[in-house]
Structure formats: structure tokens, C-alpha cells
Amino acid sequence: MSAWHISLRAHFNSRAATSDHERKRGGFNAWGNSFPREELTFGEVIDVDQIPFRLERDGTLDHLEAAGQCVELPRARASALALLAFGEMGPQRIRIVMESDSDQHGLDVEAAGWLVDGTSQVERALDCTHLHYPGGYELAHLRPVMWPYVCDLPRQRNWRRLRIEANPLFHIAAATLLA
């Protein structure tokens with residue numbers, strides 16, 4: 001499988017991860033919760049369910065809330081789009097339109113909620129050992145998760161850009177083109 005990482009940095013508009021010493025700066029959801037940054041390998045390629053993703057950061061921003069972004073794609077003949085995504089306040093849906101020079105293809109994507117029960121076994125996802133609470137305390141009830149999604153495209157071609165519908169409760173941490 002060939003893979004090309006899609007840089008989302010220019011479109012980051014939110015922060016999902018905080019370090020232990022900065023938990024109070026978590027503003028990802030209304031309660032100030034966040035992913036533990038010490039468990040996320042920013043700048044490196046990670047495999048989630050055998051799909052390579054690169055987690056990036058730009059200052060304190062580390063992902064995008066779907067807000068109508070138009071993302072330019074690397075020059076590559078791809079047959080699938082993979083997302084590392086999660087829904088805030090439960091599962092969330094968006095529509096993504098892949099565009100080539102002569103064609104476009106719409107994808108409907110649903111991301112599962114970002115929180116799972118603290119004792120749940122999670123397979124084929126990027127799950128963390130604990131949730132950061134802004135008060136600095138620990139509760140074992142919930143853990144944060146990012147889920148991989150592979151969206152097959154109708155044919156292998158040079159896709160040029162993707163347009164992301166607005167839904168601020170749908171979060172994308174990484175994206176990869178696959179062939």
C-alpha cells in the first residue's frame with residue numbers, strides 16, 4: 001500500500017491535547033477536557049489499524065474542527081482517503097467532497113464519539129490511557145479515542161483537493177491518501 005500524508009496544519013483551528021502541567025488550558029470541549037499530549041507522538045508517523053497517519057501541531061493547535069476548509073492534496077494517484085477523526089458529544093457526520101481536475105466525488109463520513117468507558121477494550125483505534133480534566137484530578141471513568149476511517153474513492157486518480165463541510169463537532173487529527 002502506498003500512502004501520502006495530507007498536511008492539515010494550515011487549517012488547524014483547535015487544540016485537543018494538553019500536557020500534564022497545562023491541563024487548565026484544555027479548551028477542546030465545553031468542559032475543558034483534552035487528550036494527554038504525552039501519549040500522542042506529534043511529528044511522527046503512527047499506524048492505526050495498519051493505516052499510516054502523521055500527527056502534526058502548529059503552536060498549540062493540533063487538529064481541525066470541520067469548518068468548511070478546502071485542503072490541497074499532494075500529487076498522487078489515490079484510490080482512498082483515510083481520516084483519523086472523532087466526534088464531540090457523540091458520533092458526528094460530515095460530507096467531504098474530493099475534487100480532481102475533471103471530476104468530484106462526495107463522501108459521507110461519520111466519526112464515533114471521542115470518549116469510551118474507562119474499562120472498555122478498544123481495538124483498531126488510537127486510544128489513550130486517561131482523559132485530562134482541567135482541574136488536575138484523575139477519574140478512571142472515561143478515556144479519549146481517535147478513530148480511523150477509510151473512504152474508498154470510485155477510481156484511482158490524481159485528486160487535487162478536498163472540501164470539508166462545516167460541523168464544529170467533527171474533528172480531524174490526520175489524513176492520508178492511499179493507493
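Remark: accessible surface ordering of V71, V116 (largest first) is V116, V71, probe radius 1.4 Å.
Taking every alpha-carbon pair under 8 Å whose residues sit at least 6 apart, region 31-143 reaches a relative contact order of 27 percent.
When only DSSP loop residues count, what GluC sites (Glu not before Pro) in region 3-71 have their Cβ near at most 14 other Cβ atoms within 10 Å? Qualifying residues, ordered by number: E44.
In the chain, taking the dipole from charged Cβ atoms about the Cα centre, the farthest positive-side position among G136, G27, N13 is held by N13.
Note on region 8-63: with charges restricted to the Cβ of Lys and Arg (+1) and Asp and Glu (-1), its dipole about the Cα centre is near 340 debye. Approximating the spin labels as points 7 Å out from Cα along Cα→Cβ, the R163-to-A76 distance works out to 2.3 nm. Distance from the alpha carbon centroid of region 127-179 to that of region 38-90 works out to 6 angstrom. Computed over the chain with a Gaussian network model linking Cα atoms closer than 10 Å, the most mobile of M146, M98, M89 is M89. Look at [x] 17.1, 54; [y] 16.0, 53; [z] 36.8, 132: the one that is Rg and Dmax of the Cα atoms in Å derived from this structure is [y].
Let me know the whole percent of all Cα-Cα pairs from region 40-125 that are separated by more than 20 Å. The share of Cα pairs beyond 20 Å in region 40-125 comes to 48 percent.
Annotation: extensible slack from S102 through N29 equals 22.4 nm (criterion: 0.36 nm per residue apart, minus Cα-Cα distance). Just the protein heavy atoms count here, and of the accessible area of the chain at 1.4 Å, carbon and sulfur take up 46 percent. For the residues F12, F42, F28, a GNM of the chain with alpha-carbon springs under 10 Å puts the largest fluctuation on F42. Rolling a 1.4 Å probe over the heavy atoms of the protein chains gives the chain an accessible area of 47 Å² per residue.
For the pair D49 and L142, label points projected 7 Å from Cα toward Cβ lie 2.2 nm apart.
The values are calculated or read from the model by the stated rules, or taken from the named source; none is laboratory data. Being a predicted model, the structure only gives us computed values, none of them experimental. We place every Cβ from the backbone using ideal geometry, glycine too, and count neighbours over all the protein chains shown. When the accessible area is computed, the model is the full protein with side chains, heavy atoms only, and any ligands, DNA or RNA have been set aside. Shrake-Rupley method; radii C 1.70, N 1.55, O 1.52, S 1.80 Å.
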